[in-house]
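Engineer: Input: one structure, supplied below.
The values are calculated or read from the model by the stated rules, or taken from the named source; none is laboratory data. In this text the structure is predicted, and so the values were computed from the model without any measurement. Glycine gets a Cβ as well: all are built from the backbone with ideal geometry, and neighbour counts include every protein chain shown. Heads up: the accessible areas ignore ligands, DNA and RNA and are worked out on the full protein's heavy atoms, side chains in. Shrake-Rupley method; radii C 1.70, N 1.55, O 1.52, S 1.80 Å.
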Amino acid sequence: MTTIVPSPRLDSVEVIAFHLDGLVKIDPRLVPVRARAGVVLPRTTTPGFAGIAKVITGQQVSVASARAIWSRFEQLPGALDPASYLQLSEETVRGAGFSGSKFRAVRVIAEAMVAGELDFDHLETLPAREAVAYLTAHKGIGPWTAEVYLMFCAGHPDVFPAGDLALLKSVQHGLALDARPTIKDMIGLAAAWTPHRSAAALLFWRYFAALRDQEGIAL
């Protein structure tokens, strides 16, 4: 019987399960992590300017805060188009909950897109490492933002945001490590999960939520 390989984009439960099957074969330590996490759902959002703006909205704030800020921001006339965004005042954007640094970061991205220096369609044709480098060449886009964009907006199957605090805490707990891994440590650990690193990140985020919600563990 021929094995049907699904689309490489992590945009369905079936695709994620396919990658998780491969992941636990590579690293059997993740079998109990997967069992505890339960079904891992896709986390996708609109690509392009709106997508990167949404990712930036979520930087260094809680999920609940990010959702509240985004719900206000996306209702601003022209907020989701780069050319129109440039017409919005800082006061208007910050009134939706953006910090000054986030306002400026999104503005730099909008300017680059309008100037033709940042092309998200081109980005999706690049391997993960090149795509991260392409994004982080623009001020205001750090590695975490680039990697989360690639996962959630481009559906890239092999990215792991090693600087994400929830992932670092979750990996420590799930792998029973003596100490929380550093970002450098985490990059090394995740390298072994190639080509399923995005599924690994989704798995550990779900595992983190399962521990927090089911047992109230303060990770």
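Engineer: Taking all protein chains together and a probe of 1.4 Å, list Lys169, Lys102, Lys54 from the most accessible to the least accessible.
Structural biologist: Details: Lys169 45, Lys102 25, Lys54 85 Å².
Largest accessible area first, the residues go Lys54, Lys169, Lys102.
Engineer: Just to confirm the number: angle between the C-alpha axis of helix 165-174 and the first principal axis of the chain, 0 to 90 degrees, nearest 10?
Structural biologist: For helix 165-174, the angle is close to 0 degrees.
Engineer: What angle do you read, to the nearest 10 degrees and between 0 and 90, between the alpha-carbon axis of helix 13-26 and the longest principal axis of the chain?
Structural biologist: On a 0 to 90 degree scale, this one is about 50.
Engineer: How are the C-alpha pair distances of region 29-127 spread across 10 Å bins, as whole percents from the shortest bin up?
Structural biologist: Histogramming region 29-127 at 10 Å steps yields 14, 41, 26, 13, 6, 0 percent.
Engineer: If you don't mind, another one. Hey, how much of the P(r) for the chain falls beyond 30 Å, as a percent of Cα pairs?
Structural biologist: Looking at the chain, the distances longer than 30 Å represent 26 percent of pairs.
Engineer: Right, another one. If R₀ is 22 angstrom, what is the calculated FRET efficiency for the pair Arg212 and Arg180, using the beta carbon separation as r and rounding to 0.05? Present the calculation step by step, with values, prior to reporting the outcome.
Structural biologist: On the way: r = 16 Å, r/R0 = 0.72.
The value I calculate is 0.85.
Engineer: Working from Cα positions, state the angle (0 to 90°, nearest 10) between the long axis of helix 197-215 and the longest principal axis of the chain.
Structural biologist: 80
Engineer: Then there is this: How far apart, in nanometres, would the label points at Gln87 and Thr194 be if each is projected 7 angstrom from Cα along the Cα-to-Cβ direction?
Structural biologist: The answer from the label model is 4.6 nm.
Engineer: For the pair Ala17/Thr45, report the inter-label distance in nm, with labels modelled 7 Å from Cα in the Cβ direction.
Structural biologist: It works out to 2.7 nm between the two label points.
Engineer: Within region 44-141, which GluC sites (Glu not before Pro) sit in a loop by DSSP and count at most 12 neighbouring Cβ atoms inside 10 Å? Mind dumping the intermediate values first?
Structural biologist: Details: sites: Glu74, Glu90, Glu91, Glu111, Glu117, Glu124, Glu130; in loops: Glu74, Glu117, Glu124.
Passing both the DSSP loop test and the Cβ count: Glu117.
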